[in-house]
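Nothing in this text is a laboratory measurement; each read-out follows from the coordinates by a stated rule. Note that this is a predicted model, so its numbers are computed, not measured. Note that we place each Cβ from the backbone using ideal geometry, even for glycine, and neighbour counts take in every protein chain shown.
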Amino acid sequence: MCEQSPAADPSAQSAAPAVAVVDAHSPGNVGTIARAMKNFGFETLLLVDPPDLDPDGEAYGFAGHAREDVLPNATEITFDHLVETYHTIGCTAVTNEDDRSHVRFPFSTPADLADRLPTVEARTALVFGRERVGLTNDELARIDEICSIPASSEYPVLNLGQAATVTLYELRTLALGDATQLPDVERVRASPSSERRLYGQWETLLEELNHPEEKREKTMRMIRRVYGRADLTEREANTFIGLLRRAAERPDLE
């Protein structure tokens, strides 16, 4: 079960946006959202009128490693407290793209929010609604702004867990910064000195092969283009240098 706390203090929680789920009917969707939060570095889960979250049920089954912290630390609050305490961003599939036909206009995409939310001088919360009807117009009228995921006009409605996952992925830099599992290509790319040694070794090999002198400049230009597109790492450059050196120093078999 989540903690009952109608007076949750946002200043004591993570600097990344909180994630609020309003009146979800499926415990599995709550677990899926908690898992996405764990994937992308979000910590604060707020639940308005949640379903029963049995530690032995599907919410915890779907949560993955988020069952250890995000889900059990979720706070149950009222919708009134949510909109009074946070700068709220309501996530909805249907925008109608027109100020005459939607209770809130204009709307942002998740990518827009990633650039703009850091400038908001208030604690923020991403608000996701029910599985079938999302957030009601009355709820949207009390929310500060609207976010919508660009999708096919023929079928823009995403599953609740999917919508949260896509949104949190787009906003991951607000929670993780650059601290992801992806390698830093700037650090592993071969150094300029290694690249010079590699091209020098090619020049040596072309000489040893008696490659026509008038063709060497053009050949080296093509070699540089190929390696430039490959974006060699330091290890790859050193491997090629070793192979080319052995080829240039091979015994004369003729």
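For the chain, the longest principal axis of the C-alpha atoms and the axis of helix 27-40 are separated by about 40°.
Taking a Cβ cut-off of under 14 Å around Val120, the surrounding Lys, Arg, Asp and Glu residues balance to a net charge of -3, with basic ones at +1 and acidic ones at -1.
Taken as Cα centroids, region 123-186 and region 218-240 sit 41 Å apart, rounded to the nearest whole angstrom. Think of region 185-248 as having a plus end and a minus end, set by charges on the Cβ of Lys, Arg, Asp and Glu; of Thr233, Leu243, Asn210, Thr233 sits farthest toward the positive end of this dipole.
The charge dipole of the chain, taken about the Cα centre with unit charges on the Cβ atoms of Lys, Arg (+1) and Asp, Glu (-1), comes to about 1260 debye, rounded to the nearest 20.
As a proxy for reagent exposure, Arg197, Arg35 were ordered by neighbouring Cβ count within 10 angstrom, fewest first; the result is Arg197, Arg35.
By the count of neighbouring beta-carbon atoms within 10 Å, fewest first, Lys38, Lys215 end up ordered Lys215, Lys38. Taking a ≥ b ≥ c as the square roots of the eigenvalues of the Cα gyration tensor, region 185-248 is oblate, since a/c reaches 1.5 or more and a/b is not larger than b/c.
With the charge dipole of the chain set up from +1 on Lys and Arg Cβ and -1 on Asp and Glu Cβ about the Cα centre, the Cα lying farthest toward the positive end among the listed residues Leu140, Gln162, Leu126 is that of Gln162.
Taking K and R as +1 and D and E as -1, what net charge do the other residues with C-beta under 12 Å from the C-beta of Lys38 add up to? Once positives and negatives cancel, what remains is 0. Name the long-range amide H neighbours of Thr124: under 5 Å, sequence gap of 5 or more, or other chain; modelled H, no Pro or chain starts. So Thr124 has HN proximity to Ala18, His87.
Quick check: the angle from helix 234-248's long axis to the longest principal axis of the chain, C-alpha only, nearest 10 degrees? It is inclined by approximately 20 degrees.
Counting only alpha carbon atoms, the long axis of helix 192-208 and the longest principal axis of the chain meet at about 30°. In terms of surrounding Cβ atoms within a 10 Å radius of their Cβ, Leu205, Leu135 rank from fewest to most as Leu205, Leu135.
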